[in-house]
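The values are calculated or read from the model by the stated rules, or taken from the named source; none is laboratory data. Quick caveat, the model's predicted, so the values are computed rather than measured. Methodologically, a virtual Cβ is constructed for each residue, glycine included, from the backbone with ideal geometry; neighbour enumeration extends over all protein chains shown. Only protein heavy atoms, including side chains, enter the accessible area calculation; ligands, DNA and RNA are left aside. Shrake-Rupley method; radii C 1.70, N 1.55, O 1.52, S 1.80 Å.
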Amino acid sequence: MTAAGPTSAPVGRTLVKGASILGGPARDLLIADGIFAAVGADAAAGADANTETIDASGLVALPGLVDLHVHLREPGREDAETVASGSAAAAVGGFTAVHAMANTDPVADTAGVVEQVWHLGRSTGLCDVHPVGAVTVGLDGRELAELGAMAESAARVRMFSDDGKCVSDAVLMRRALEYVKAFDGVVAQHAQEPRLTEGAQMNEGSVSGVLGLGGWPAVAEESVIARDVLLAGHVGSRLHVCHVSTAGSVEILRWAKGKGIDVTAEVTPHHLLLTDDLVSSYDPRYKVNPPLRTQSYVDALRQGLADGTIDAVATDHAPHSLEDKDCEWAAAAMGMVGLETAVGVVASAMVETGLLDWAGVADRMAVRPARIGRLAGQGRPIAPGEPANLVLIDDKSRYTVDPAAMLSRSRNTPYAGIELPARPVATFLRGRLTAREGSVLA
Amino acid sequence: MTPHLLSAADLSLDDATLILDTADELARLSDRPVKKLPTLRGRTVVNLFFEDSTRTRISFEAAAKRLSADVINFSAKGSSVSKGESLKDTALTLEAMGADAVVIRHGASGAPHTLAHSGWIGGSIVNAGDGTHEHATQALLDAFTMRKHLTTLAGRKVVVVGDVLHSRVARSNVLLLSTLGADVTLVAPPTLLPVGVGSWPCNFSYDLDASLPGADAVMMLRVQQERMNAAFFPSVREYSRRYGLDGDRMARLPDHAIVMHPGPMNRGLEITAEVADSDRAVIVEQVTNGVSVRMAVLYLLLGGSDSALGAVE
Ligand SMILES: [Zn+2]
């Protein structure tokens with residue numbers, strides 16, 4: 001099977017005029033043959049009569065964003081999302097690569113399923129879809145899935161995760177960490193001690209006590225991270241921690257990195273902005289795993305992302321059908337969509353607060369996630385000869401989130417009606433315009 | 001009054017006092033030969049019970065009927081939380097039937113809140129117990145009972161003993177009694193007190209014996225069967241010894257103090273038969289008062305503002 005698809009079709013030249021690269025001074029970019037042909041003063045000179053020109057004055061240019069954690073629901077729950085609709089949401093959100101989690105039906109625990117997802121991504125062609133392979137067969141936490149076969153498949157899987165479930169068995173986790181070293185893989189752990197979270201519905205704290213909802217203690221996450229960084233250090237393996245949500249987790253990661261342990265971590269946009277007092281409404285849009293925490297945790301996560309203890313922002317985009325959210329809290333599914341609001345939320349939590357500049361955002365949303373996922377052609381500098389993966393962001397105007405305008409098949413956003421700063425207005429995947437002003441270009 | 005009664009926190013001091021005063025008035029009705037008022041004639045009250053609770057349901061049913069409302073009992077037991085759309089579908093059905101008030105008992109905390117704010121249904125929603133969240137009318141009937149025996153709640157010492165963590169009765173009582181000015185102390189083993197209890201408007205203690213002297217009322221909570229083998233306490237016997245109310249402990253209470261229990265009791269576990277059947281126990285009276293308080297709630301939520309008995313000939 002060749003890699004033929006719309007993404008490898010020939011693309012024309014584009015001149016992007018006056019973009020502020022990583023928030024720096026305005027410069028022109030010439031895109032030709034899928035790469036940046038020229039950047040700066042000589043870019044305009046390379047334009048010809050057939051070159052499309054995009055006025056990017058006042059817009060911030062970042063490398064195309066890379067998401068380490070999305071749920072595209074295909075195969076199995078195509079009513080909630082498909083690879084195509086999720087790719088569209090990713091493109092309008094500024095992403096050029098996403099990692100699709102394995103908790104589909106069937107589970108992505110064989111070469112066959114990961115190749116299916118990979119091919120669906122290729123044929124959609126709106127962003128690179130990298131399937132994540134399950135660590136254990138059926139996410140059951142009992143026996144290792146054929147990790148090597150997934151790594152060698154056409155999908156070239158490098159990230160493995162039972163996300164949605166924790167690999168809680170210490171021996172199995174140790175073996176997985178060791179085994180993936182053979183192909184430079186990484187195990188991405190959903191850190192949730194299962195016994196400590198039986199019946200858990202929300203962050204355990206003063207709000208859960210009042211609402212009478214089962215508490216989800218911070219220690220259930222932190223104890224697993226502590227164990228896993230020690231395991232990773234012991235066997236000399238690469239560990240990635242999904243959706244870190246507590247201050248203690250940040251401290252453990254900081255300690256582990258200080259010891260030289262090869263661990264990376266991600267935080268979701270919603271954990272950088274929202275807090276558990278929103279649950280007082282019993283509105284299931286705020287039900288998510290890990291749960292929304294307190295403001296002091298939000299502050300610690302922002303600080304951890306700012307100082308690099310947390311490497312990446314990953315959306316944990318989790319589409320759910322209306323039925324799965326239009327019900328009482330206990331019955332509702334966990335998760336929120338996030339691809340189309342990630343830039344705005346990160347700008348609100350990190351840029352407007354002065355914690356990160358746009359170069360920092362590029363590092364946490366493109367450069368480092370691409371490195372963690374071992375994606376050679378993503379997260380590269382905006383420089384001559386580099387792949388033309390690019391997002392242009394309007395950071396001068398604010399917009400109100402309208403779920404009806406979203407391209408995801410699901411509408412379970414917690415930001416409906418909220419005003420966010422900074423909206424992606426154009427996305428290029430290897431030189432081809434994939435999204436413009438909230439619409440995708442087929 | 002608020003349009004719904006979802007939480008005891010919805011009630012201001014004035015609201016709560018109005019309900020209790022109205023219940024007082026309505027209680028006098030039971031002394032009359034005809035125990036029925038025409039007040040809610042033509043209105044429909046639905047008892048929507050997703051959990052079995054015969055005692056709460058018949059209490060609401062009696063309350064609605066004494067106000068001449070049409071009562072529909074809708075038992076949706078078996079519609080488990082895993083089948084969440086059933087709450088919505090049921091609500092739409094009730095809306096089509098024109099329910100003026102829906103009394104809901106549900107196993108999921110917040111289900112009445114969801115029902116009230118979903119837009120699925122108009123009418124007033126009354127929380128008759130949701131998960132481990134609240135049971136506001138139980139707190140009202142408890143307050144009503146205490147007020148009768150202790151004249152007022154202001155400054156009175158109320159000790160609530162048992163599984164606070166999972167108790168909707170305890171949550172509603174803390175909120176309502178603190179609004180009414182009582183001094184509440186929760187007593188439980190540390191495993192059965194929720195995280196954050198220190199920020200509740202009450203005191204808490206792990207020591208029952210230290211909490212009894214000076215108490216004006218002691219409320220014993222039921223220990224649910226499913227807590228008994230989940231490491232919340234070592235054994236039923238040890239629980240009973242440390243947190244059960246027996247004759248010796250009762251003797252340490254001031255003479256005027258009353259003993260309460262929301263029912264159903266585990267005799268011999270959280271309360272001995274000797275205590276339950278003693279003169280201090282007002283447990284049967286709580287049941288009687290439940291009807292008057294629920295009449296008051298339905299009457300006030302469905303638009304009554306004059307004296308509740310004013311309409312009677
Ligand atoms: Zn997860």
Report, in deg cm²/dmol and to the nearest 500, the calculated mean residue ellipticity at 222 nm for the protein assembly as shown, where each DSSP H run with n ≥ 4 adds -39500 (n - 2.57) and the sum is divided by the residue count.
-8500 deg cm²/dmol
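Dipole size in debye (nearest 20) for region B:71-228 around its Cα centre, Lys and Arg Cβ +1, Asp and Glu Cβ -1?
Working: 12 positive and 13 negative charges, 31 e Å.
Result for region B:71-228 is approximately 140 debye, rounded to the nearest 20.
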Using the Cα centre of chain B as the reference point, and only Cβ charges (+1 on K/R, -1 on D/E), how large is the resulting charge dipole? Debye, rounded to the nearest 20.
440 debye
Could you tell me the accessible area of A:Glu198 in Å² (1.4 Å probe, neighbours in place), rounded to the nearest ten?
120 Å²
When the Karplus curve 6.51 cos²θ - 1.76 cosθ + 1.60 is applied with θ = phi - 60°, which whole-Hz ³J(HN,Hα) does each residue of region B:151-160 get, with x for Gly and Pro?
6, 9, 9, 4, x, 6, 9, 10, 10, 10
Read phi for every residue in region A:100-110 and hand back ³J(HN,Hα) as whole Hz from Karplus 6.51 cos²θ - 1.76 cosθ + 1.60, θ = phi - 60°, with x for Gly and Pro.
8, 5, 8, 7, 9, 9, x, 5, 7, 10, 9
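Over region B:136-286, what percent of the accessible surface lies on carbon and sulfur atoms, probe 1.4 Å? Write down the numbers at each step before the final one.
Numbers: 2870 of 5820 Å².
The C+S portion of the solvent-accessible surface of region B:136-286 is 49 percent.
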A:Glu323 accessible area, assembled protein chains, probe 1.4 Å, Å²
110 Å²
Whole-percent carbon and sulfur share, accessible surface of chain A, 1.4 Å:
51 percent
Heavy-atom accessible surface that B and A bury in contact, both chains counted, 1.4 Å, Å² to 100:
1400 Å²
With every protein chain kept in place and a 1.4 Å probe, the protein assembly as shown has an accessible area per residue in Å² of 36 Å²
Most positive-pole-ward Cα, A:His270, A:Leu196, A:Pro384, against dipole of chain A from beta carbon charges
A:Pro384
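Of all trypsin sites (Lys or Arg not before Pro) in region A:275-379, which ones are in loop regions per DSSP and have a Cβ with at most 15 other Cβ atoms within 10 Å? Mind dumping the intermediate values first?
On the way: sites: A:Arg285, A:Lys287, A:Arg293, A:Arg302, A:Lys325, A:Arg364, A:Arg371, A:Arg374; in loops: A:Lys287, A:Lys325, A:Arg374.
Within region A:275-379, no trypsin sites (Lys or Arg not before Pro) qualify (loop, at most 15 other Cβ atoms within 10 Å).
What number does region B:136-286 give for Rg over Rh if you use C-alpha atoms and the Kirkwood radius?
Rg/Rh for region B:136-286 comes to 0.92.
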Set Lys and Arg Cβ to +1 and Asp and Glu Cβ to -1, take the dipole of region A:65-372 about its Cα centre, and tell me which of A:Ser237, A:Val129, A:Gly360 lies farthest positive.
A:Ser237
Quick one: which residues, 5+ away or cross-chain, put their amide H under 5 Å from the amide H of A:His317? H built at 1.01 Å from N.
A:His71, A:Gly338
Using amide H atoms built 1.01 Å from N in the peptide plane, name the residues 5+ places from B:Asn73, or on other chains, whose amide H lies under 5 Å from its own.
B:Asn47
Counting other Cβ atoms within 10 Å, which chymotrypsin sites (Phe, Trp or Tyr not before Pro) in region A:324-422 have at most 15 and lie in a DSSP loop?
none
Quick check: convex hull of the Cα atoms in region B:9-115, volume per residue, rounded to a whole Å³?
112 Å³
Search the structure for amide H atoms under 5 Å from the amide H of A:Ala265, placed 1.01 Å from N in the peptide plane, and list their residues when 5 or more places away or on another chain.
A:Val241, A:Asp311, A:Ala312
Looking at chain A as a GNM with Cα springs under 10 Å, which of A:Ala405, A:Ala43, A:Ala388 has the largest mean-square fluctuation?
A:Ala405
From largest accessible area down, sort B:Val282, A:Val219; use a 1.4 Å probe on the protein chains.
A:Val219, B:Val282
Area of B:Arg227 that stays accessible when all protein chains are in place (1.4 Å probe, Å², to 10):
40 Å²
So, with points 7 Å from each Cα along the Cβ direction, the A:Arg195-B:Glu285 label distance in nm works out to 4.7 nm
Which trypsin sites (Lys or Arg not before Pro) does region B:16-71 hold that lie in a coil by DSSP with at most 13 other beta carbons within 10 Å?
B:Lys35, B:Lys36, B:Arg41
Per residue of region A:415-431, what does 6.51 cos²θ - 1.76 cosθ + 1.60 with θ = phi - 60° give for ³J(HN,Hα)? Whole Hz please, x for Gly and Pro, Karplus curve as stated.
9, 3, x, 8, 8, 10, x, 6, 10, x, 10, 7, 10, 10, 10, 6, x
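Using unit Cβ charges (K, R positive; D, E negative) and no other charged atoms, how large, in debye to the nearest 20, is the dipole of chain A about its Cα centre?
Dipole about the Cα centre, nearest 20: 820 debye.
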